[in-house]
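Down below is the structure, laid out as structure tokens.
The values are calculated or read from the model by the stated rules, or taken from the named source; none is laboratory data. Since the structure is predicted, the reported quantities are computational estimates derived from the model, not experimental observations. Neighbour counts are summed over all protein chains in view; Cβ atoms, including those assigned to glycine, are modelled from backbone coordinates with ideal geometry.
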Amino acid sequence: MTRYNAAASESKWQKIWDENNVFVASDDFSLPKYYVLEMFPYPSGRIHMGHVRNYAQGDVVARYYKAKGYNVLHPMGWDAFGMPAENAARANNGHPEDWTYENIDHMRGQLKSIGLGIDWTREFATCDPEYYSKEQEMFLDFLEQDLVYRKESLVNWDPVDNTVLANEQVIDGCGWRSGVPVERRMLTQWFFRITDFAEELNSELDALDRWPEKVRTMQKNWIGRSEGMKMIFNFCHNDEKIETYTTRPDTIFGMSFLAISADHPTALKLAQNNQELQEFSNKCRSLGGTEEELEKAEKLGFDTGLKVAHPFIEGLEISVYVANFVLMDYGAGAVFGCPAHDQRDLDFARKYGLPVLPVVIPDGEDSACFEIGSKAYTDAGKIQNSDFLNGLTIAKAKKEVICRMSQKGMGEKTVNYRLRDWGISRQRYWGTPIPIIHCKSCGIVPAAKSDLPVELPHDVSFEKEGNPLDHHPTWKHTVCPKCAAAAVRETDTFDTFIDSSWYYARFTSPHSDLPFDREAADYWLPVDQYVGGVEHAILHLLYSRFFTKAMKKVDLLTVQEPFEGLFTQGMVCHETYKDSLGNWLNPDEIEKHAAGDFTVRATGEKVHVGASIKMSKSKKNVVDPTGIIDTYGADTARWFMLSDSPPERDLEWTEEGVEGAWRYTQRLYRIIHEKLEIAAPKGVVEPKEFSKQAQDLRRFSHMSIASVAKDIEDFHFNNSIAQIYKFTSAISSFKADSSAGDAYALREAIEVITLIIAPMIPHLAEEIWSLIGGEGLVAVAPWPDARPELMEETMVTVAIQIKGKLRATIEMEKDLDKEEVQRLALANEKIEHALKGQTIRKIIVIPNRIVNIVI
RNA sequence: GCCUCUGUGGUGGAAUUGGUAGACACGCCGGAUUCAAAAUCCGGUGCUUUACGGCGUGCCAGUUCGAGUCUGGCCAGAGGUACCA
């Protein structure tokens with residue numbers, strides 16, 4: 001029996017693709033282009049199934065568009081800076097650089113064994129000085145354009161990783177890597193002015209219609225745009241004023257207090273000679289950030305004794321509190337409290353016995369009886385108890401208040417964002433050094449571009465706690481570029497998210513002396529299809545969008561957005577296993593029995609089978625891609641990953657599924673061998689006559705071309721594969737007679753199936769292609785044309801319903817007129833029987849589909 | 001709490017966007033082949049009923065000749081987010 005030897009075949013074709021530079025993108029910028037990119041990997045040491053799935057999906061797209069005639073860019077690189085390298089160095093007494101490059105070498109080999117159509121000539125790692133020097137250059141450009149600044153601020157300090165984290169990198173009050181609660185510390189840090197682009201980052205999301213809705217929503221929420229007004233109040237007993245921010249100026253007549261943050265200048269000033277307030281403020285600060293008990297945290301306030309005047313009610317004085325729920329770094333750090341229509345304000349007012357006056361009444365409610373209990377009313381309604389606002393809608397009342405306050409010079413309409421600037425300083429070694437010099441006389445001095453790269457020193461020690469750059473005996477000592485006096489380098493390095501914020505642009509011209517060639521970037525960008533995990537929905541994707549806008553501002557490129565199309569793939573999951581002691585077991589250690597029970601291979605002990613969850617080392621439910629590729633081949637792994645589960649959903653890895661995929665590759669190979677004997681030889685002229693079955697097979701071929709193409713374009717690889725299975729069965733069961741038409745149709749089907757499986761299982765496709773005498777390589781062969789005239793059906797199956805219930809189906813010619821269809825339906829034996837003695841009230845005929853008889 | 005998504009056989013999932021629910025695959029059952037097994041091939045497989053039939057897309061209503069698909073309400077699960085005024 002013919003058997004397909006995947007191992008031999010796969011390495012053979014990988015070598016041939018390589019030698020022929022099949023996947024090297026062309027620099028001819030007049031060609032139509034398609035840029036496919038998967039999120040590049042962190043070189044942790046070994047690839048995992050999640051990588052295989054991610055890259056297999058991208059590869060289908062890349063190979064498909066190449067077949068469709070596009071100049072395809074499908075590159076690969078390494079997100080190579082970061083803490084695991086430092087931790088490994090510490091643990092093994094090695095060096096992060098060695099560890100990283102060794103991992104890259106190993107993982108490159110693993111990726112190549114998957115048979116990805118990648119342009120390896122463009123490979124780079126972000127820890128190459130070649131790469132990060134360009135990053136330093138851009139930092140200096142950004143600095144010049146005022147997109148970077150330094151300030152002392154309260155930052156998130158990760159006590160395990162010993163570094164600062166950006167707001168986005170704190171999840172549930174814990175570090176995104178370490179998972180431990182972060183602390184608040186005052187530090188001087190570098191920041192990118194991402195908030196300068198808040199408006200664009202927000203509004204342009206609407207145009208990204210090839211992004212998942214979910215990701216766009218998450219970014220919108222993160223950016224948190226709100227429209228409101230700046231409202232100024234006068235203190236009663238001096239000339240000073242205080243600014244607040246509100247989105248509900250319409251509720252001004254319901255105001256019963258004014259609350260400021262513990263860090264508000266007014267609060268700080270008062271606290272200087274008020275011990276009690278000082279203590280209260282400290283309590284507020286300690287609450288912030290770390291504990292998730294914020295949820296239950298009681299609303300606490302401290303009456304400052306100060307009063308402000310109500311802007312519209314003559315003589316009304318309102319107390320000013322320091323409150324623990326007001327944040328200094330949002331809006332003005334001060335708010336007016338309207339308890340009836342804001343839950344926090346209500347909780348606060350109830351605690352301190354402040355008045356609660358409803359000023360918005362729901363339609364249909366009587367304002368005399370409408371009362372607020374323990375829940376604030378935040379929905380629509382009409383304004384009441386509000387003097388000149390009475391009877392207005394919320395929207396109109398807002399306008400009116402903004403207008404009156406503006407006239408008085410006491411406020412204006414403003415827009416606020418939740419988004420904060422991006423803190424980028426990290427107190428780590430294995431990252432890009434920040435190209436800045438601190439000079440005693442000149443202050444902060446940017447490194448000269450001619451001195452770039454500011455390279456990391458290789459001889460560092462990880463024995464001491466803290467940042468090795470800071471401990472290094474000589475590295476930080478330099479001279480000031482301005483005055484040539486002795487000076488010290490900045491020892492912080494960039495947040496590694498910067499490295500991944502522009503790598504997609506570097507791929508367009510990875511050997512350029514500039515960050516990238518403008519012409520190349522303008523040609524290739526934006527990325528047409530980006531593929532990666534949804535866990536980057538905010539961090540990486542928002543930073544990259546910012547970077548593109550910043551790079552545009554410093555005139556490095558022209559595009560607005562980095563990623564035109566985004567696809568977020570699901571995770572790879574596996575069942576979990578535990579022994580009787582509760583220890584996790586690897587799938588390798590398990591034996592599966594026919595009866596459906598599981599035992600430990602070594603001991604015969606019974607195994608407890610748990611839920612299928614994301615593959616992770618800690619749960620030991622991982623399957624190593626290398627083992628799978630060695631046993632079954634890369635095509636089998638790819639085919640399994642692409643079939644069944646929709647790409648955006650989680651995939652459950654099962655042994656049965658892999659074996660099913662392997663059986664298919666063998667079966668296809670066997671069928672082709674078998675059918676090739678009776679198929680026409682290659683290059684035969686299309687005959688004039690075709691039998692009915694030959695026409696059917698040809699219809700199948702051409703419909704498959706069209707539907708597989710559409711499903712690939714729509715990211716429905718599972719549906720492509722279902723169609724290919726059907727097509728395979730049709731070929732397999734085709735019994736050709738000796739006619740030229742049958743032989744031709746069979747030849748055509750064999751060629752078509754080879755071409756349309758190629759994006760998914762490229763090695764087997766090449767093997768079959770060479771077997772059937774195909775020209776050149778499948779990898780460079782054009783996608784076949786689907787001929788519409790061959791796809792047309794002549795017969796259709798029409799469903800006959802009585803009162804919406806299916807009673808019969810009838811085969812009939814396509815496109816018969818309605819009367820004829822109706823006649824056929826009524827003449828049907830089953831229908832006649834079912835209608836006996838009934839009066840027909842109405843007949844609905846939908847051509848080529850359905851007849852519904854209403855009785 | 002709020003926002004988003006998901007809910008279809010034993011399992012993964014299809015369903016031309018309102019028109020034959022369960023394509024395709026896994027699993028299972030039966031048969032062929034084999035000394036036997038593996039592999040392969042053929043057939044069956046939503047539930048229920050002896051049958052005609054009845055019931056079926058998380059639950060309850062509604063719109064419609066016709067609803068997995070649309071509307072309203074509810075339930076469950078997943079993800080995001082959290083004092084943002």
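For the stretch A:513-546, a residue qualifies if it is in a loop (DSSP other than H, G, I, E, B) and either on the phi > 0 side of the Ramachandran plot or touching a residue at least 24 places away in the same chain (Cβ under 8 Å) (or both), and the qualifying residues are A:514, A:515, A:516, A:525, A:526, A:528, A:537, A:538. Kindly check whether there is at least one residue in the stretch A:4-19 that is part of a loop (DSSP other than H, G, I, E, B), among the hydroxyl-bearing types (Ser, Thr, Tyr) and under 20 Å from residue A:763 (Cα atoms). The answer is yes; a qualifying residue exists. Checking each residue in the stretch A:62-89 for being part of a loop (DSSP other than H, G, I, E, B) and closer than 11 Å to residue A:759 by Cβ picks out only A:68.
Each row is one residue, and each column tells you yes or no for (1) part of a strand (DSSP E or B); (2) aromatic (Phe, Trp, Tyr); (3) near RNA strand B (Cβ under 9 Å from one of its atoms).
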residue	(1), (2), (3)
A:228	yes, no, yes
A:234	yes, no, no
A:238	no, no, no
A:242	yes, no, no
A:245	yes, yes, yes
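Within the stretch A:241-267, the set of residues being modelled with pLDDT under 90 and either more than 27 Å from residue A:202 (Cβ to Cβ) or of a type in the set (S, T, N, Q) (or both) comprises just one member, A:262. Could you please let me know if residue A:795 is within 15 Å of RNA strand B (Cβ to nearest atom), closer than 24 Å to residue A:725 by Cα and touching a residue at least 40 places away in the same chain (Cβ under 8 Å)? When the stated conditions are applied, residue A:795 does not pass them. Is there a residue in the stretch A:654-674 that is more than 8 Å from RNA strand B (Cβ to nearest atom) and assigned to a loop (DSSP other than H, G, I, E, B)? The answer is no; no qualifying residue exists. On inspection, residue A:414 fails the criterion of being surrounded by 14 or more Cβ atoms within 10 Å (Cβ to Cβ), more than 26 Å from residue A:233 (Cβ to Cβ), of a type in the set (Ser, Thr, Tyr) and at pLDDT 90 or above.
For residue A:834, the test of being of a type in the set (Gly, Ala, Ser), within 12 Å of RNA strand B (Cβ to nearest atom) and more than 23 Å from residue A:795 (Cα to Cα) is passed. Being under 30 Å from residue A:250 (Cα atoms) and among the β-branched types (Val, Ile, Thr) is the requirement here; does residue A:444 meet it? Spelling it out, it is not the case that residue A:444 is under 30 Å from residue A:250 (Cα atoms) and among the β-branched types (Val, Ile, Thr).
Scanning the stretch A:611-627 for residues that are among the hydroxyl-bearing types (Ser, Thr, Tyr), part of a helix (DSSP H, G or I) and either within 12 Å of residue A:47 (Cβ to Cβ) or touching a Ser or Thr at 6+ places or on another chain (Cβ under 8 Å) (or both) gives a single hit, A:626. Out of A:160, A:155, A:148, A:180, one residue alone is more than 16 Å from RNA strand B (Cβ to nearest atom), β-branched (Val, Ile, Thr) and touching a residue at least 24 places away in the same chain (Cβ under 8 Å). It is A:148. Residue selection: residue A:484 satisfies the criterion of being of a type in the set (A, V, I, L, M, F, W, C) and without any contact (Cβ under 8 Å) to a residue 12 or more places away in the chain. Of the helices (runs of 4 or more DSSP H) entirely within the stretch A:755-855, those holding at least 2 residues that are in contact with a helix residue (DSSP H, G or I) (Cβ under 6 Å, 6 or more places away or on another chain) occupy A:762-771, A:788-791.
Picking from residues in the stretch A:445-494 that are assigned to a loop (DSSP other than H, G, I, E, B), farther than 15 Å from residue A:86 by Cα and of a type in the set (Gly, Ala, Ser), the one that is nearest to the chain's Cα centre (by Cα) is A:447. Scanning the stretch A:161-183 for residues being in contact with a Ser or Thr (Cβ under 9 Å, 6 or more places away or on another chain) and exposed (fewer than 15 other Cβ atoms within 10 Å of the Cβ) gives a total of 1.
Pairs meeting the criteria (first residue in the stretch A:651-679 and within 30 Å of residue A:610 (Cβ to Cβ), second residue surrounded by 15 or more Cβ atoms within 10 Å (Cβ to Cβ) and of a type in the set (A, V, I, L, M), beta carbons under 6 Å, at least 6 apart or on different chains) are A:651/A:572; A:653/A:572; A:653/A:623. Could you tell me whether residue A:712 is β-branched (Val, Ile, Thr), crowded, with 20+ Cβ neighbours inside 10 Å and under 12 Å from residue A:786 (Cβ atoms)? When the stated conditions are applied, residue A:712 does not pass them. Note on the stretch A:698-720: residues that are part of a helix (DSSP H, G or I), within 8 Å of RNA strand B (Cβ to nearest atom) and out of contact with any helix residue (DSSP H, G or I) (no Cβ under 6 Å at 6 or more places or on another chain) total 1. Considering the stretch A:333-344, the residues that are near RNA strand B (Cβ under 7 Å from one of its atoms) and out of contact with any His (no Cβ under 9 Å at 6 or more places or on another chain) include one that is farthest from residue A:380 (Cα to Cα), namely A:335. The numbered conditions (1) in a helix (DSSP H, G or I); (2) more than 16 Å from RNA strand B (Cβ to nearest atom); (3) within 25 Å of residue A:221 (Cα to Cα) are all true for residue A:198 except (2). Of A:822, A:801, all but one fail to be crowded, with 16+ Cβ neighbours inside 10 Å and either under 47 Å from the mean Cα position of the chain (by Cα) or within 30 Å of residue A:690 (Cβ to Cβ) (or both); the exception is A:801.
Checked against the criteria, residue A:326 counts as part of a loop (DSSP other than H, G, I, E, B), crowded, with 22+ Cβ neighbours inside 10 Å, of a type in the set (Val, Ile, Thr) and within 13 Å of RNA strand B (Cβ to nearest atom).
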